[in-house]
Amino acid sequence: MTEIIDQTTPTPVLRLEDIVKTFPGVRALDGVSLTILPGEVHALMGENGAGKSTLMKVLGGIHQPDEGQIIVAEQPVVMSGPLDAKAKGIVFIHQELSLADELSVAENIYLGELPHKRFGLVDWAELEAKTNAILEKLKVGFNAKTRVGDLSIANQQMVEIARALTVDAKAVIFDEPTASLTDAEKVVLFEVISDLQEQGVGIAYISHRMEEIFKITDRISVLRDGQYQGTVNTADTNEENVTQMMIGRKLDLSRNEAHHELGEVALEVRGLSCGSLFEDVNFEVRRGEVVGFYGLVGAGRTEIAETLFGLRNPTSGSIFLDGAEVAITSPHDAIERGISLVPEDRKGQGLVLGMNCRDNMTLPQVDDLKAGPFVADGAEIAIFDQYRDKLDIRTPGWKQLVGNLSGGNQQKIVIGKWLSMRPNVLIVDEPTRGIDVGSKAEIHNLLRDLAAQGYAVIVISSEMPEVLHVADRIVAMYSGRIMRTFTSEEVTEENLIAAISGLNTEKVA
Amino acid sequence: MAESTKQDIGKLLAKQGILIAFALFIIGFTIANPKFLTLDNFENVVRSSAILGVMALGVTFVVISGNLDLSVGSMMSFSTIVVLDLHDKLGPTLAIPAMFAMTLCLGALIGFLVGYLKLNSLIVTLGMLSAIHGLTLTYSGGKNMDIADKEGTWFAIFGQGNILGIQTPILIFIALAALLGIILAKTPFGRKVYAVGGNGTAATFSGIRRARVVFLCYIMSALCVATAGLIQASRSMGSQNTVGQGLELEVLAAVILGGASLLGGSGTIFKTVIGVLILGFIQNGLLLVGLDFSVQYVVTWIIIILAVWLDIAAKRGKLMSPIA
Amino acid sequence: MQVGKLSKYLAGGAIWGFIVLELIFFSVAGEFFSVSDKAFMDADNMLLLLKQSAPIGIIAMGMTIVMVNGNIDLSVGAIYAICAIILLDSMTWTMFAGLGNWVIPVAWCLALLTGLVLGAINGLIVWKTGVDAFIVTLGSMLGYRGLVFMYNGEQPTSHLNWTLVDFAEAQFLGLHTATWFLLVVTVAIWFLMNRTVHGRNAYAIGNNREAAVNAGIRVGPHMMINFMIIGFLAALSAVVFYSESGSVNPNDGQLYELWVITAVVLGGTKLTGGAGSIVSTFGGVIAIQLLRKGLAHIGADTSTVNLVIGLILIAVLFLDRQLNVKGKEELKV
C-alpha cells in the first residue's frame, strides 16, 4: 500500500518504500512505506509492539532493513549506522535517554564527534562555543560544562534534543519526547519543533498522547502489527478514527456493567504515605470487586502497590487485611498474608528469563511444594498444567525457557504464577502493556472472572479503556494523592481526565 | 539441508563443546601415552584435583547466585593453618569442628557483607583475600605449622587414608559433589539460588529472601573451603601460610570452564566437576607426555577463552563479537 | 558499585583527607611505638615512599583508564614479570654483545614492546570474541605466568648492569628516578584521559556503552588501545623496578593486580566504569603505600598491613553504600 501524494507536494526529505524487517520469529515490519515532507510534523502512531520503534531504528541506521528502500532527497541510501544516518541529515532522538551522565553537556551533545586539534586533543574552546550557541536557542538554564548527571530528567531530555541541532538536519525523529517533560518544558520543545519546521526540516513524531498529536502534527501515519495502515491529514480526522486505525476495530468503550454481590472488605488502607511518593492514601477493596487505579505515569500508583507488597516502607498510615491491621515488611511477608503483585515490568521484575516456564510459575511457592527435602516435581507440573489450560498459555511445554515466549504468553505466566498462590488480594500493574489486542481482551475477561470468583482485585493502568472496561470503581490519582474515587455509574471520560490532571480539586475519599 | 546440518553441528559444538574438547583431549593424550587412560591414572588425577574440586563446588553456588568469591584461596590457607595448630593443642577431635566453626564465621561475614549489606562481591572478597591472609599470618606468627607427632594421630586419614579401597580425598570429593549437586538441582534452596542469580529483582518480587540465599551460598562456599583445608592439612601434616595462594583463580577457572556464567543464573555442580577434571587431566596429561607444568598454564588459558567464547558465540549465533 | 556520593566525594578529594589522617596518625603513634627514632614524616622517608609507590602506581594509572572504560585487567602482574625477564635477559643476548651500554635502550624497548603486545593480545581477544574482560584477563593471567615459567623454569633471571643501576638509583631535583617515572606517567595519563578525544570517549564507553555506540564511537579500538596502554605501563613498571634490582623471580608480580585494583578503587573509580580520576588514583596509591610504611614504622608486620588494607577496602565500600541509601523511600530490592 502506498500513499497518494498530489502533484503540488514538494520533494520529500525522506521516503521509505516497502520496508521489511524480520527478527527471529517476528515480522516486525511488513512492507511499511512512509513519506516525510520538508517542514511537516508527521506523527507515527500505533500500539505498543506495532513496529514504530523498529521503523525508527531502521531510519536511524541502528537496524538494516531486510527489504525495501530508504530514499533521502530522492537518492536511495543505505544507512550503515547511527553516525551514517546523522551524516545524511537524519537525526534520531531516543526515547530512552542515551546520555553519558558522568560527562559534561557539551561532551554529550558532540558525543562521537568532539571537535579536535592535532594529536587528538579536544578543542575545548570550540566545543564550548558551539554548545552554548545551541543551548541559547533552546533557552535552557544550564551551560556547556554542567555534568549531565546533575541535570533533571527533563533537562537531560533537552540535551538529547540539542544533539539534533548540531547538524544540518533534513529530518529529525522524536521518539516520545514529552514523556518526562513538564508543561513549561513542553512549550519550549514545541517551539523548537516549530523552528525546525520553518527551516524546512521534516519531523517524525512518535507519541501516544493524542492531545499533543492533534496540537502539533500535520499528518498522521498509523502502524498495526508491523503493517502500514495509512496516512491521514491531522485536520481531517479525530481521535476516534485514529484509535480505530491503531487497534483495527472500533474502540471498545463498553463500561463494566457486570454486577454481582460484593463480599467483605478484604483490604483497607488508611492514611498511607511514603515520603514524597504518595500521601494520605485511603481506599478499600472488597471481595468480588475490581478497583482500577488510573493516573499518569509517576502519579504514585505503582508505589502504592509496592508498599502494599512490602517493597517499600510506608512513612505513616495503616493497612488492614480482613479487618485486622498488619505490618508488611517484605514481599515474603505480603505473600504469606495472601497478597500477590503482578509487577509492571514483566522482564525486569516478573520473570527470570533464563528459567523455564514451570519454574517461573511456581517460584513464590517453591518452599511449599516439597516431597521430603526436595521440590515435588509432580506437584509443580500439575500446577503448571492447570494454569496453562486455564490461561491458555501457548508454549511447547514446561521446559521452554520463558525468554523464548511472546509478550502475551510471558504475561500470562506471571499472572498464572500469582493466581496459583490463591491470593486474597491480587494487584495487577499494567497487565496488558506491550501485549497484542487479542491477548488484551483475554486478560481483561480473566480479571473480571477472578472478581466474580470472589478475589479482591486492584488493576493499575494508564489506559483509560482498560480501567473503564474492567473496574467496578476507579481511583483517580494525581501527583501522589487520590483525587477522587468514581463508581462505574459516575465516571465519564471528561471527569476522569480532569481528576488525573489535577484539575479537579474536589476530593472524595 | 547442508545449511541446517551445519547449524546443528554448530549447536552441538556450542552446547557440548566442553565435553567434546574433553574427549578429544583424552584421546590425544592416550595416543601419546597409553598410561594416560588407565584406572590408576584416573584415580591419580581425581585425587590431585580433589582439593581444588571441593573448593570449586562451593564457589559454584556463589557464582550461580550472581556473585564472586576471590577469598577462597586465602581462606583455605587459614583453615589449614588453624586445624594444624589446634591439632596439637586440642587434639584432632576438637580441632576439626573448631576449625570448621572459625571458617564458617569468615564465610558468614562475607555473606553478611554481600548478602545483607549488598556490597559488591568482587571488592568485598578481594578485601577479604588480603584481610584473611593477614589474619592467617597473625595467627601463625608467620611460621609454618607442623603436627609434632605425625605417627601417633589418626588425622592423616582425610588426606592419605583409604576407605573401602578408595582414597579418602576422592571419596570426600565425590560425596560432597553428589550432596551439593542434589541440593542445587533438587531442593527449593537450589531453585532459589538460580532465581537470585538469574534475575535478583524478579526473585525479590517473588518473595524470595535474596539476602538470605546469597548468605547461604557463602556459607556453602566456606564449608567447602574448610573441607579442602582439612584434606590439605591432613595430606601434608604441615603447611606454609600461603598454601592456598592463587587457588581462587584456578577455582574460578574450573567453574567457568564448566560453563557457569559470571552473570549468574547458570551452571551446575556436574559441569563444575567436569571443569575441575579437565584442568586436572590437562595437568596430568601434559606431565605424562613430558611437558613442563608451565605449559599447562598456557593451555588452560587457551581452553578457558575458547570455552567461554564458544558458549557466548552459540548464544548470539555468531562467532565474532558485534563490537565495532 | 552504584554512583555513590562517597565515590564522587573520594574522586573529589576525600582520599587526600585520608592521607592526611594517616600522616597524623602514624606521626603521633610513631612517637610511642616506633622502633626507630627517626620521625615518620622525615623527608628521606617520604621520598623513599614515593619511590616505593612507583611499581604499583605506574600500573594503577593504566588500570584506571581500563576500568573507566568498563573493563578490568587481572594479568598485569604476569605481564610485569615477563617484561622484567625480557629486560634482564635480553641484555645478555649474544646478538647485542657488541652494543656496549647501548644495549640498555634496546633492552628497554624490547621489554616495553613485549608489554604492548601482551596488552594488545588481551584487547584483541576482548574485542573480537566479546568475552568479558574479567574472564579474558583471568585466563591470560594464568597463560602469561605460564610463559614466565616456560622461559626460565623456576630459576631467577639475573643480570646487573651497573650503568643501569646508577641511572635507576640516581636522584634528580631530590627525587628518585622511579619517582620521576611515576610522576611523568601520572601527568601523561591525566592528559590522555582529560584532554584527548580518546580519553573522553573511554569515559563515554564506560559510562553508557549503548549511547557511545549509537553516537558512532568505535568501542573495540578504544578498548584495545587501553589494554595496550596498561600492558605498556606494566612493562614500564618492570623496567623501572628491575633496572635497579637486577634479578627477577618467576613469581614476581603475583598479587599485583589486587594491589593495583585496591589503589584504584580507593581512589574512587567505579567498578562499572565511566567514572574515575587519575589524580585520585595517585592518592589511592600513596594512601596504600603510606599504610604499608606507616604500619611498619609503628612495628606492625606485613600480616597487619594485609589485614588493615583488606578491611579498609571493605569499609570504603560500606560507607559508600550507606551514604547512598535514599532513605525510607527506596525500593527494597
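Bear in mind that the values in this text are calculations on the coordinates, not laboratory data. Quick caveat: nothing in here was measured; it's all calculated off a predicted structure. Positions of Cβ are backbone-derived with ideal geometry, glycine not excepted, and every protein chain shown enters the neighbour counts.
Structural remarks
- Average partner coverage of B:138-144, which counts Cβ from other chains inside 10 Å: 2
- Counting only DSSP H runs of at least 4 residues, each contributing -39500 (n - 2.57), and dividing by the residue count of chain C, the helix-based mean residue ellipticity at 222 nm comes to -24000 deg cm²/dmol.
- Exercise: per-residue mean of other protein chain Cβ atoms within 10 Å, B:188-194: 5
- Between residue C:41 and residue C:167, the modelled label-to-label distance comes to 3.7 nm, taking each label 7 Å out from Cα in the direction of the beta carbon.
- Other protein chain Cβ atoms within 10 Å, averaged over every residue that makes up C:206-212: 6
- Principal axis box of chain B, alpha-carbon based, largest edge first, Å: 72, 56, 38
- Each label point was placed 7 Å from the Cα along the Cα-to-Cβ direction; for residue C:158 and residue A:199 their separation is 7.3 nm.
- Max-minus-min Cα coordinates of the protein assembly as shown on each principal axis give 91, 73, 72 Å, with the largest extent listed first.
- Computed FRET value (nearest 0.05) for residue B:174 with residue C:302, which takes r as the C-beta separation and R₀ as 35 Å: 0.35
- Estimated distance in nm for a label pair at residue A:276 and residue B:320, the labels positioned 7 Å out from Cα along Cα-to-Cβ: 4.9
- Highest mean packing comes first when the peptides C:133-139, A:441-447 are listed by Cβ atoms within 10 Å, giving C:133-139, A:441-447.
- For chain C, a Gaussian network of Cα nodes joined below 10 Å ranks C:60, C:188, C:168 by mean-square fluctuation, and the top entry is C:188.
- Computing FRET efficiency as 1/(1 + (r/R0)^6) for residue B:39 and residue B:143, where r is the C-beta to C-beta distance and R0 is 35 Å, gives about 0.30.
- Between the range C:122-199 and the range A:302-320, the Cα center-to-center distance that results, in Å: 54
- Structure-based [θ]222 nm, chain A - -39500 (n - 2.57) summed over DSSP H runs of at least 4, per residue, nearest 500: -9000 deg cm²/dmol
- Of every Cα-Cα pair in the range A:14-247, the percent that sits beyond 27 Å: 35
- At R0 = 41 Å, FRET efficiency that the Cβ-Cβ distance of residue A:497 and residue C:25 yields, to 0.05: 0.05
- Highest mean packing comes first when the peptides B:40-49, A:339-348, A:102-111, B:280-289 are listed by Cβ atoms within 10 Å, giving A:102-111, A:339-348, B:280-289, B:40-49.
- Computed over the range A:355-422, Cα set: Rg, Dmax in Å: 11.2, 36
- Descending semi-axes in Å of the range A:320-456, equivalent ellipsoid built from Cα gyration tensor: 22, 20, 14
- Take each peptide in B:94-103, A:489-498, B:248-257, count the other Cβ atoms within 10 Å of every residue, and average; sorted highest first, the result is B:248-257, B:94-103, A:489-498.
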